[in-house]
Amino acid sequence: MTSPFPAFPVPGARILALTLLTAACLLPAASQARALGAQGNDFLYQVEPDDTLEQLARRYTLQAGHWPALQRLNQVDDPYRLPIGKVLRIPLSLIPEQPATAAVIHVSGRVTADGRPVQPGDILRTGQTLRSAEDGSATLQLEDRSLLTLPSGTSLLLRRLKSFRGTGLTDTQIDIDQGTLESTVAPEDTGVGRFEVRTPATVTGVRGTRLRVHADASGSRHEVLHGRAAIEGTDRAERRLVLDRGAAYDTQGAFLGAHLLLPAPLDLALSPDGTRLDFTPVPQAAAYTIRVALDAEGTRLASSQQASGPGVRLAASGNPGPHYIFVRGIDALGIEGRDAVLVVDALRLTLTTRDGAPVLSAGGTSVMLD
């Protein structure tokens, strides 16, 4: 089947990763993984004590004899005495790869892969197109345990699902045409081979990051909740995002601005009948995103909606157990802020009329369904 997605060429764009950082500006603690992602056609690795070029060549290219090529590329004087913290480039062309997959671990509502409904347990591969309907959401897990959450109204292409042979590192490229992708990359701190998200006009590369990317008719927005990311648009300027910052681009890839993320709303509370959500408005918020999830990380979504302010009527949920209600403000550029979270034991179904109004009991309260 021919994919409906364009190739998304970005003039002058390079394959990016956050790890465009030198040892002078980033020295992770000893407990952190040293696999730092990719830049252009190179995988990046930060030197640890006792590393040698021969060992690294054997580990990542599976051929110790590639060490002279690494020595030339990285201008290393002594291949047996590498400066700790130095960021080395290893050509991706030298790294053997094998096909990888993404597992569907959660589905709510209607979600399709290449037009066919998906369900938990399905395995997805390179080239498949996913779409979540207005009542749908899904969560995928990559082989390095990275999590990808598709809220409602999202269309994306799994452009590349590969893994570095023998290392546990993945090589992932995703095109998002419409909607939102929320990612938690390498959550167990095992390092990143390559992970990038493309919109029609931007390329975002990440490392060990919680990242949100939105694409729609107005352009794209990018928000970093943990770690760092690097974005490139059509102006070829690379812009790095750090914790709690977001950036916006128009449909042509022109940079519109970067902001601190709005703070989380305060005073979240449900109405006594459990049908309406109230909170204190956030200054500078133009609108709000409200999501209900079945887990504390917000990856297993039950519903998603936008609202202009407090007094939000929550979508019905028939799922048992605790529910986590996430609320975030959206600024004038469309950049979404930090989440406030309200945990409730359950969200009971409310009996409503055809036009969505609650059915009231004789006492004036909403009729709840068990």
> What are the residues whose amide H is under 5 Å from the amide H of Arg245, where those residues sit 5 or more places off or on another chain and H is modelled from the backbone?
Replying inline: Val224, Leu261
> Whole-Å semi-axes of the range 257-299's equivalent ellipsoid, largest first, each the root of 5 times a Cα gyration tensor eigenvalue?
Replying inline: 23, 16, 8
>> Taking θ = phi - 60°, what integer Hz values does the Karplus form 6.51 cos²θ - 1.76 cosθ + 1.60 yield along the range 284-295, in sequence order, with x for Gly and Pro?
In response: 6, 7, 8, 6, 9, 9, 10, 10, 10, 10, 9, 9
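Which semi-axes, in whole Å and largest first, does the equivalent ellipsoid of the range 103-234 have when worked out from the alpha carbon gyration tensor as the square roots of 5 times its eigenvalues?
21, 19, 13
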>> Within the range 87-182, what whole-number % of the accessible surface is contributed by carbon and sulfur, with the 1.4 Å probe and all protein chains included in the calculation?
In response: 43 percent
> Spin-label point model (7 Å from Cα, Cβ direction): what's the Gln55 to Leu270 distance in nm?
Replying inline: 5.4 nm
>> For a quick check: with amide H placed at 1.01 Å from N, whose amide H comes under 5 Å from Val312's, ignoring anything fewer than 5 positions away on the same chain?
In response: Leu277
> Which whole-Hz couplings ³J(HN,Hα) result when phi for each residue of the range 271-280 is put into the Karplus expression 6.51 cos²θ - 1.76 cosθ + 1.60, θ = phi - 60°, listed in order with x for Gly and Pro?
Replying inline: 5, x, 8, x, 10, 10, 9, 10, 6, 7
> What does the charge count near Leu294 come to, summing +1 for each Lys or Arg and -1 for each Asp or Glu among other residues with Cβ under 13 Å from its Cβ?
Replying inline: -1
> From the backbone phi of the range 301-312, what are the Karplus-calculated ³J(HN,Hα) couplings (6.51 cos²θ - 1.76 cosθ + 1.60, θ = phi - 60°) in whole Hz, Gly and Pro given as x?
Replying inline: 6, 9, 7, 8, 7, 10, 9, 7, x, x, x, 7
> What does the charge count near Ser303 come to, summing +1 for each Lys or Arg and -1 for each Asp or Glu among other residues with Cβ under 9 Å from its Cβ?
Replying inline: 0
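The values are calculated or read from the model by the stated rules, or taken from the named source; none is laboratory data. All figures in this text were calculated on a predicted structure; none of them were measured in a lab. Using ideal geometry, Cβ is built from the backbone for each residue, glycine included, and neighbour counts are taken over all protein chains shown. Surface areas here come from the heavy atoms of the whole protein model, side chains and all, with no ligands, DNA or RNA. Shrake-Rupley method; radii C 1.70, N 1.55, O 1.52, S 1.80 Å.
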